[in-house]
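Enquirer: This structure is in structure tokens; I'll ask about it shortly.
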Ligand SMILES: [Cu+2]
């Protein structure tokens, strides 16, 4: 009877896609061996957990009471980014993650039959990506799913859902023993608690990533976030101070350059190298492009592409979507 009930629940939950973050800091002693020979048992321990994992290790319970179905309007009428039970609370035995900037964390999530295009359920669907969001500073909470935007995406914090997984295939069935997502804590995370959201970008509107998609730089807005898990990292040993951690100093791209660009940096007017100007002599909409900047005039009163730094308003414009990047990045 018990077994029957368990398999019924399994069928019910596996009929629709679902995943959640199981561990934030996973130590696997035989990953390469297990990937090569998935018959092996994966040897792993967890040193840091997602929020409030009261039923840790109970897959059935967590399938019902821990994961978060972001776009299910009857379960999530307020459009919250985190399941309400996922508060900043860590029961004994399932502690928060402590990490240093530059440290690589191996996050582990459940594959649940969705790791392959040619197998599992549903068939012929891109497994999508897992990615992380952060408000850009310590002690700041992402509350709403509408905040899970490119602007709050931690640049480069993204991986294919199943690129790093141990998958045992028997006939036409797969047993995803473990799916991992390795992520290095950025050097601009200052000491203190950082609230993070793990999201699986996979949904009814899912489209595949374009063929030249680079997970370390490209953000695909067409991949709809569908499942989330919230967690915190206590950062220690950092020398960073207070700046917005979303605008990594080493990263080019659409995120906020420092306001000092508006008065002192050179930029290519209209994106043309032969047409450079300096600081306030330049048009107001600045875009970082590698080490350089391109700058443009307003079009219909707004910066012409998403992700501009608007020097007239001293404001970071919203992040660019995949379809409206500046043509020079
Ligand atoms: Cu599922």
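Enquirer: Given the criterion farther than 28 Å from residue 163 by Cα and surrounded by fewer than 13 Cβ atoms within 10 Å (Cβ to Cβ), identify the matching residue among 123, 75, 80.
Expert: 75
Enquirer: Ok, one more. Go through the stretch 273-283 and report how many residues are under 13 Å from residue 263 (Cβ atoms) and touching a strand residue (DSSP E or B) at 6+ places or on another chain (Cβ under 6 Å). Break it down stepwise before answering.
Expert: Going residue by residue through the stretch 273-283, those that are under 13 Å from residue 263 (Cβ atoms) are 277-282.
Still in the running and touching a strand residue (DSSP E or B) at 6+ places or on another chain (Cβ under 6 Å): 277-278, 282.
Going through the stretch 273-283 one residue at a time, the tally reaches 3.
Enquirer: Return only the number of the condition from (1) out of contact with any helix residue (DSSP H, G or I) (no Cβ under 6 Å at 6 or more places or on another chain); (2) modelled with pLDDT of 95 or more; (3) buried (at least 22 other Cβ atoms within 10 Å of the Cβ) that residue 133 does not satisfy.
Expert: It is condition (1) that residue 133 fails.
Enquirer: A follow-up question, please. Does residue 7 satisfy the criteria of being in a loop (DSSP other than H, G, I, E, B) and either at negative phi or at pLDDT below 95 (or both)?
Expert: no
Enquirer: What are the residues in the stretch 174-185 that are closer than 18 Å to residue 157 by Cβ and at pLDDT below 95, if any?
Expert: Result: no residue meets the conditions.
Enquirer: Tell me whether the stretch 22-38 contains one or more residues that are assigned to a loop (DSSP other than H, G, I, E, B), surrounded by fewer than 20 Cβ atoms within 10 Å (Cβ to Cβ) and in contact with a helix residue (DSSP H, G or I) (Cβ under 9 Å, 6 or more places away or on another chain).
Expert: Looking through the stretch 22-38, none of the residues is assigned to a loop (DSSP other than H, G, I, E, B), surrounded by fewer than 20 Cβ atoms within 10 Å (Cβ to Cβ) and in contact with a helix residue (DSSP H, G or I) (Cβ under 9 Å, 6 or more places away or on another chain).
Enquirer: Only residues that are at pLDDT below 80 and buried (at least 23 other Cβ atoms within 10 Å of the Cβ): list them for the stretch 204-250, please.
Expert: 245, 246
Enquirer: Suppose we keep only residues that are outside any loop (DSSP other than H, G, I, E, B) and under 16 Å from residue 117 (Cα atoms) within the stretch 194-203. Which one would you say is modelled with the highest pLDDT?
Expert: Checked the stretch 194-203; the qualifying residue modelled with the highest pLDDT is 200.
Enquirer: For the subset of the stretch 267-303 comprising residues that are closer than 18 Å to residue 151 by Cβ and without any contact (Cβ under 8 Å) to a residue 24 or more places away in the chain, which member is nearest to the chain's Cα centre (by Cα)? Spell out how you get there, then give the answer.
Expert: Initial filter on the stretch 267-303 (closer than 18 Å to residue 151 by Cβ): 285-288, 302-303.
If we keep only those that are without any contact (Cβ under 8 Å) to a residue 24 or more places away in the chain too, we end up with 302-303.
Numbers: 302: 29, 303: 27 Å.
Checking each candidate, the answer is 303.
The values are calculated or read from the model by the stated rules, or taken from the named source; none is laboratory data. None of these values were measured; they are calculated from a predicted model. Heads up, the Cβs are rebuilt from the backbone with ideal geometry, glycines too, and the neighbour counts pull from every protein chain shown.
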